[in-house]
Amino acid sequence: MSISTSPHSHLLHPNHKRFLSNYRIHTTATLSLPSSRTFRPIQCASTPAQAQDRVFNFAAGPATLPETVLRRAQSELYIYEESGMSVMEMSHRGKDFMFILEKAEEHLHTLLEIPHGFSVLFLQGGATTQFAAVPLNLCTPDDPVDYVVTGSWSDKAFKEAQKYCKPSVIWSGKSGKYTTIPDVKTLKQNPKAKYLHICANETIHGVEYKDYPFPENRDGVLIADMSSNFCSKPVDVSRFGVIYAGAQKNVGPAGVTIVIVRDDLIGRAQDVTPVMLDYKIHVENGSLYNTPPCYGIYMCGLVFEELLKQGGLKEVEKKNKKKAEILYNAIDGSKGFYKCPVEKHVRSLMNVPFTLEKSELEGEFIKEAEKENMVQLKGHRSVGGMRASIYNAMPLAGIQKLVAFMEDFQARHD
């Protein structure tokens, strides 16, 4: 797509044409570098599944990162390659960081097989900022849009959209305490809705779409908040108008927000849209309108490279399914000592909420787990109980240790 220039396009890097061309390609398994420099692959030495001095971190986000990535970042922290400086010290318009940014985007294109006609943005503000950016970029104040509310995050997205367009909740799981997701084929959509918004995986309540709906309006688009299952499995990006995600669950540290937007949706922002929320501005400037979260982007690039090294998202999904199956089987096989409130057909592969039949033991469970170097198992303050977030970087050994602890705890308290 040809994007017209704006008064802000002077901020483009001198090599912006080469940079912008990158976001349209790269869907093959083998990457060709855009420059003659060698991008050193992560070295996977024969190391234990989890270093003895590290805990198993079940936090919902910021969350555990691959050890290979952390060690790579550690080795490059003081001086990155031949730059003579740390990534944290680099100019975001210098050749070294431009190389890092380009490679991160290339790797993401390859991982998700992003087709032609989509742009990738590395932004700030978290997915919560996109709750406003989406309607501001895609709607007029009078446009109707549809929201499916399957948990706290999609509810917050709906409430924010009320400021900028005319959203309707076409389905809500609130009355059932957000333990299920509707049959996507039976949703009663507004045939004039400009878009249909979903949260692909609800981090707090642990429900996840296994299939995605189609907008009833032929000119409408599907929008998804994928913050907590981004890059955990293959996704047909062509099904969506916008995908957005905070990086701090599966692909990096807090501070980076990734947006994948279909090119024909760019350039429609409402006049009141702040410059920092206008997709067109960020696309024109290659995510460099202002200083981006440079080190966070660097870390995301290393994670993307690691996921490719593992065989891509199909292999990643297999590992995630195995881990989730082990944990859910332990819960379901406990004869009611542990309970997961989520309906089985929509249980998340990433976030597993569970409770104890004897709720008075939950505090003790969490404290004892911490003594065994398993941390952040306390459930979200709004729902209580426990929650194990088992993102890509959680090793199988972490799940096995948690299950063994659960079985021991039950034997001592049943």
**Message:** Cut-off 17 Å, label point 7 angstrom out along Cα-to-Cβ of ASN329: give me the residues of segment 375-414 whose amide nitrogen falls inside.
**Reply:** 396-408
**Item:** Size of charge dipole - segment 237-394 - debye, nearest 20, with Cβ of Lys, Arg +1 and Asp, Glu -1, no other charges
**Value:** 440
**Asked** Across the chain, where is the longest run that never hits GluC sites (Glu not before Pro) in a DSSP loop with at most 13 other C-beta atoms within 10 Å?
**Response** 83-342
**Request:** Report, in debye and to the nearest 20, how large the dipole of segment 169-231 comes out about its Cα centre when Lys and Arg carry +1 and Asp and Glu carry -1 on their Cβ.
**Result:** 240
**Message:** Explain nothing, just the number: dipole magnitude of the chain about its Cα centre with +1 on each Lys and Arg Cβ and -1 on each Asp and Glu Cβ, in debye rounded to the nearest 20.
**Reply:** 360
**Item:** Formal net charge of residues neighbouring GLY206 (Cβ-Cβ distance under 11 Å; K, R +1; D, E -1)
**Value:** -1
**Message:** If you take every residue apart from PRO353 with its C-beta less than 14 Å away from the C-beta of PRO353, what net charge results, scoring Lys and Arg +1 and Asp and Glu -1?
**Reply:** +2
**14 Å beta-carbon shell around GLY267, net charge (K/R +1, D/E -1)** = -2
**Prompt:** Relative contact order (percent) for the chain, with alpha-carbon contacts under 8 angstrom and 6 or more residues of separation?
**Reply:** 22
**Prompt:** For segment 196-233 and segment 153-186, what is the separation of their Cα centres, given in Å?
**Reply:** 11
**Asked** Near the amide H of HIS205, under 5 Å away, which other amide H atoms are found, from residues 5 or more places off or on another chain, if H is placed in the peptide plane?
**Response** SER152
**Message:** Taking 30 Å as R0, compute the FRET efficiency from the Cβ-Cβ separation of LYS163 and THR186 and round it to 0.05.
**Reply:** 0.55
**Message:** For the chain, what does the helix formula give at 222 nm: sum of -39500 (n - 2.57) over DSSP H segments with n ≥ 4, over the residue count, nearest 500 deg cm²/dmol?
**Reply:** -10000 deg cm²/dmol
**Request:** Step through the residues of segment 399-407 one at a time and calculate ³J(HN,Hα) from phi using the Karplus curve (6.51 cos²θ - 1.76 cosθ + 1.60, θ = phi - 60°), rounding each to whole Hz and writing x for Gly and Pro.
**Result:** 5, 4, 5, 4, 5, 4, 5, 4, 5
**Asked** Put +1 on the Cβ of every Lys and Arg and -1 on every Asp and Glu Cβ in segment 112-263; which of LEU123, CYS139, GLY173 then has its Cα farthest towards the positive end of the dipole?
**Response** GLY173
**Item:** THR291 paired with MET88, simple spin-label distance in nm, labels 7 Å along Cα-to-beta-carbon
**Value:** 1.3
**Request:** Tabulate in residue order the Karplus-calculated ³J(HN,Hα) for segment 183-195, using 6.51 cos²θ - 1.76 cosθ + 1.60 with θ = phi - 60°, rounded to whole Hz; enter x for Gly and Pro.
**Result:** 5, 5, 7, 10, 5, 8, 8, 7, x, 9, 5, 5, 8
**Message:** 5 Å is the cut-off here: which amide hydrogens, built 1.01 Å from N in the peptide plane, fall below it relative to VAL352, excluding neighbours closer than 5 in sequence?
**Reply:** ALA388, SER389, ILE390
**Item:** For segment 274-291, Karplus couplings with θ = phi - 60° (6.51, -1.76, 1.60), whole Hz, Gly/Pro x
**Value:** x, 4, 6, 10, 8, 4, 4, 4, 6, 5, 4, 9, x, 6, 10, 4, 10, 5
**Complete:** Candidate cut points under trypsin sites (Lys or Arg not before Pro) in segment 303-354, DSSP loop plus at most 10 other Cβ atoms within 10 Å of their own Cβ, are LYS335
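The numbers here are math on the coordinates, done by the rules we state, and not lab data. Just so it is clear, the model here is predicted, and its values are computed rather than measured. Note that we place each Cβ from the backbone using ideal geometry, even for glycine, and neighbour counts take in every protein chain shown.
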